[in-house]
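Q: Attaching a single structure in structure tokens format; questions to follow.
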Amino acid sequence: MDFDLYSARKRLSYLPRGLLAHCQRTSQLCVELAHHWGWPEDRAAWAGLVHDLARAYPEGELLYLAREYSLQIDPMEETTPVLLHGPVGAEILRRKWQVTDGAVLEAVRWHTSGNRDMGPLAKIVFLADKIEPGKSGLYPHLAPIRDLVKKDVDRALLEFFNSQISFLQLKHFRVHPAMIAAGNYFRLRLASQ
Ligand SMILES: [Fe+2]
Ligand SMILES: [Fe+2]
């Protein structure tokens, strides 16, 4: 498939303006990171742009679609359906937008919680979503990751998981099991290097 940004942007015109602006900033950062690491920039730009296509869906619809698409629903997602916007978004891309690129689908699917098996594209979409400039006020504790991501993507991921999990636990929020598993995986992998 071709990763035409213009037609994707047209298709995303239903998104609230602020969310669309976040998607565009994420897309730009994805291109910057893909360029830095020598990864395909067109897919990175496209995946970054569309990653939140289901973010503004009502919670009831996310749950309904997740069941309709026979997605595995974690108990935490039952009670906080917004967490399903990645997996549901990936299914919409596959079923309605006819996206067949596995790396793009994976990147959209896991962009909220992360996953231990993320490939290069999923890693940069995941990180770009969290550290794009519009979010710097929201997540000041993520500042060191902005530098680290250009030196070592896996260490940037580990740093993100460590700080985000501590941040959530400090506030007595629950942490998605896929994020805990990913944090444990990168901790173990990078400790042995
Ligand atoms: Fe999202
Ligand atoms: Fe996002």
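Q: Any chance you could count how many residues in the range 67-103 are within 15 Å of ligand 1 (Cβ to nearest atom), under 24 Å from G119 (Cα atoms) and not acidic (D, E)? Even if it seems obvious, please write down each step before you answer.
A: Of the range 67-103, the ones within 15 Å of ligand 1 (Cβ to nearest atom) are 77, 80-93.
Next cut, under 24 Å from G119 (Cα atoms) only: 77, 82-93.
If we keep only those that are not acidic (D, E) as well, we get 82-90, 92-93.
Of the residues in the range 67-103, 11 are within 15 Å of ligand 1 (Cβ to nearest atom), under 24 Å from G119 (Cα atoms) and not acidic (D, E).
This table checks each residue for (1) more than 15 Å from ligand 1 (Cβ to nearest atom); (2) farther than 18 Å from S113 by Cβ; (3) touching a Phe, Trp or Tyr at 6+ places or on another chain (Cβ under 9 Å).
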position	(1), (2), (3)
L12	no, yes, no
V31	yes, yes, no
R43	yes, yes, yes
L53	no, no, yes
A56	no, yes, yes
Y64	yes, yes, no
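Q: Would you check if there is a residue in the range 66-76 being surrounded by 20 or more Cβ atoms within 10 Å (Cβ to Cβ) and either within 14 Å of ligand 2 (Cβ to nearest atom) or over 17 Å from the mean Cα position of the chain (by Cα) (or both)? Talk me through it step by step, then tell me what you get.
A: Of the residues in the range 66-76, the ones surrounded by 20 or more Cβ atoms within 10 Å (Cβ to Cβ) are 66.
The next check asks that each one be either within 14 Å of ligand 2 (Cβ to nearest atom) or over 17 Å from the mean Cα position of the chain (by Cα) (or both); those that pass are 66.
Checking the range 66-76: at least one residue is surrounded by 20 or more Cβ atoms within 10 Å (Cβ to Cβ) and either within 14 Å of ligand 2 (Cβ to nearest atom) or over 17 Å from the mean Cα position of the chain (by Cα) (or both).
Q: So V99 ticks every box in (1) over 23 Å from H36 (Cβ atoms); (2) hydrophobic (A, V, I, L, M, F, W, C); (3) without any contact (Cβ under 8 Å) to a residue 60 or more places away in the chain but one. Which box is left unticked?
A: Failing condition for V99: (3).
Q: Sticking with this one: Does any residue of the range 117-137 turn out to be among the acidic types (D, E) and either crowded, with 19+ Cβ neighbours inside 10 Å or within 14 Å of ligand 2 (Cβ to nearest atom) (or both)?
A: Kept after step one, since they are among the acidic types (D, E), are these residues of the range 117-137: 117, 129, 132.
From what is left, the residues that are either crowded, with 19+ Cβ neighbours inside 10 Å or within 14 Å of ligand 2 (Cβ to nearest atom) (or both) are 129, 132.
Yes, because at least one residue in the range 117-137 is among the acidic types (D, E) and either crowded, with 19+ Cβ neighbours inside 10 Å or within 14 Å of ligand 2 (Cβ to nearest atom) (or both).
Yes or no, residue by residue, for (1) out of contact with any Gly (no Cβ under 6 Å at 6 or more places or on another chain); (2) without any contact (Cβ under 8 Å) to a residue 12 or more places away in the chain:
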site	(1), (2)
R25	no, no
L33	yes, no
E41	yes, yes
A45	yes, no
Y64	yes, yes
L71	yes, no
H85	yes, no
I92	yes, no
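Q: Of the residues that make up the range 51-65, is at least one under 24 Å from H22 (Cβ atoms), within 16 Å of ligand 2 (Cβ to nearest atom) and among the basic types (K, R)? Steps first, answer last, please.
A: Step one: of the range 51-65, the residues under 24 Å from H22 (Cβ atoms) are 51-63, 65.
So of that shortlist, the ones also within 16 Å of ligand 2 (Cβ to nearest atom) come out as 51-57, 62.
With among the basic types (K, R) added as a condition, the list becomes 55.
Within the range 51-65 (the criterion being under 24 Å from H22 (Cβ atoms), within 16 Å of ligand 2 (Cβ to nearest atom) and among the basic types (K, R)), the answer is yes, since at least one residue qualifies.
Q: Something else: Go through the range 107-125 and give me each residue that's charged (D, E, K, R) and under 9 Å from the mean Cα position of the chain (by Cα).
A: Going through the range 107-125, the residues charged (D, E, K, R) turn out to be 109, 116-117, 123.
Across the range 107-125, the qualifying residues are R109, K123.
Q: State all residues of the range 155-177 that are surrounded by fewer than 19 Cβ atoms within 10 Å (Cβ to Cβ), assigned to a helix (DSSP H, G or I) and among the hydrophobic types (A, V, I, L, M, F, W, C); if no residue qualifies, say none.
A: Scanning the range 155-177 gives I165, F167, L168, L170.
No lab work stands behind these numbers, since they all come straight from the coordinates. Small disclaimer: the values here were computed from a predicted structure and weren't measured. Every residue, glycine among them, receives a Cβ derived from its backbone with ideal geometry; neighbour counts consider all protein chains shown.
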